[in-house]
1. Output the residues belonging to segment 336-358 that are in contact (Cβ under 8 Å) with a residue 24 or more places away in the chain, touching a strand residue (DSSP E or B) at 6+ places or on another chain (Cβ under 7 Å) and under 20 Å from residue 297 (Cα atoms).
2. Give the number of residues within segment 393-412 that are within 18 Å of residue 318 (Cα to Cα) and surrounded by fewer than 13 Cβ atoms within 10 Å (Cβ to Cβ).
3. Could you grab me the full set of residues in segment 384-412 that are part of a helix (DSSP H, G or I) and touching a strand residue (DSSP E or B) at 6+ places or on another chain (Cβ under 6 Å)?
4. Grab the helices (runs of 4 or more DSSP H) fully contained in segment 54-148, keeping just those with 1 or more residues being modelled with pLDDT of 90 or more and crowded, with 17+ Cβ neighbours inside 10 Å.
5. Taking the conditions exactly as written (in a loop (DSSP other than H, G, I, E, B), under 23 Å from the mean Cα position of the chain (by Cα) and modelled with pLDDT under 90), does residue 310 satisfy them or not?
6. Report yes if residue 380 is touching a residue at least 24 places away in the same chain (Cβ under 8 Å) and not assigned by TED's automatic domain parsing to the domain that holds residue 94, otherwise no.
7. Check residue 224 against each of (1) within 30 Å of residue 410 (Cβ to Cβ); (2) not in a strand (DSSP E or B) and name the one condition it does not meet.
8. Is at least one residue of segment 272-286 on the phi > 0 side of the Ramachandran plot, part of a loop (DSSP other than H, G, I, E, B) and outside the structural domain of residue 147 (by TED's automatic domain parsing)?
């Protein structure tokens, strides 16, 4: 008969190995089920970093592999080799951004981002003009800065920049055109300008210079009123930059020592700038805690910006000068003072650039500037594209400028001394 031998005893390491194998098998089953369920929900695991990435951020109705397929075709078949892969990538991103049709949503490569970030920092080389886009997608002059090469060359708000150095700007973004216009001090740039209804373009040659921007200047006018002289303060804000709030505070301190009977705020050809600077300036008239502007987002949420100061200029009669170069943050200030009946608007209709852009940095030093909201005045006026109409319309022609005349300022003085 067969005799059954007792089982041999297992070594402790062999027991551990068997148990470990069973444990790993269980883990594989668990992770497979977990991965399957997570995959159904649009998540994948990235082995190199062990992070969970949501694939649902890309629409599932679009096959994004077409992009890599197209790039592979270029790399394989194009005669223009070697191809600049970084340029191809940036071109793809630029095309995606441009497809929104919003001239203010733009892609910056690292060089253009650096140029963009110098705009409000007080000094740069160029022609001294704020450039934007009109409702038709044309790249236009929003406003030449005072005493800049652009102003001296006669550039005007809403001039269309059709070409730069004989290169057509058709299809270019605002920032691409700006990069073409900018250059070292002392060099010349040749602009092809289309103005108004003129069918013949203008050729404007401008020598670039260092543009040093002091955003706030103020002076005083002595005006005869009812047989006696009165003092009027004229404050010109050329943009809302880094120095605007401290300079305007200095202006207010000085104005309050002059016993003025009125203030004229000149926002003509002011292309805008920082939202907070506009709120700071408005706070010198608008009561503490009162809405200056509302930022309306596409998801229905609103951010309300309220006056933060002690409204030291409240009670002093004020008028505001605007024109077609008054844009963005300058329209915020104009709209707030107008809606609260603090000031009348005098001059010409403003530009109508009432949207909010936010800069999103990418990991290689590039960035995307995205329009995320629009601005609404306290009375509900949508500043985006609409602009502000003057209470007292007064035009200013180039001939009047050349002759040293300023009927808009004359109208403001008359209004503030009534």
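The values are calculated or read from the model by the stated rules, or taken from the named source; none is laboratory data. Because the structure is predicted, anything quoted here is derived from the model rather than measured. With ideal geometry, Cβ positions are generated from the backbone for all residues, glycine too; neighbour counts draw on all protein chains shown.
1. Across segment 336-358, the qualifying residues are 336, 353, 354, 355, 356, 357.
2. Here the count works out to 1.
3. Passing the criteria: 408, 411, 412.
4. Because the criterion is at least 1 residues that are modelled with pLDDT of 90 or more and crowded, with 17+ Cβ neighbours inside 10 Å, the helices (runs of 4 or more DSSP H) in segment 54-148 that meet it are 85-98.
5. Judged against the criteria, residue 310 is not a match.
6. No, not satisfied.
7. With (1) within 30 Å of residue 410 (Cβ to Cβ); (2) not in a strand (DSSP E or B) applied to residue 224, the lone miss is (2).
8. The answer is yes, given that some residue of segment 272-286 is on the phi > 0 side of the Ramachandran plot, part of a loop (DSSP other than H, G, I, E, B) and outside the structural domain of residue 147 (by TED's automatic domain parsing).
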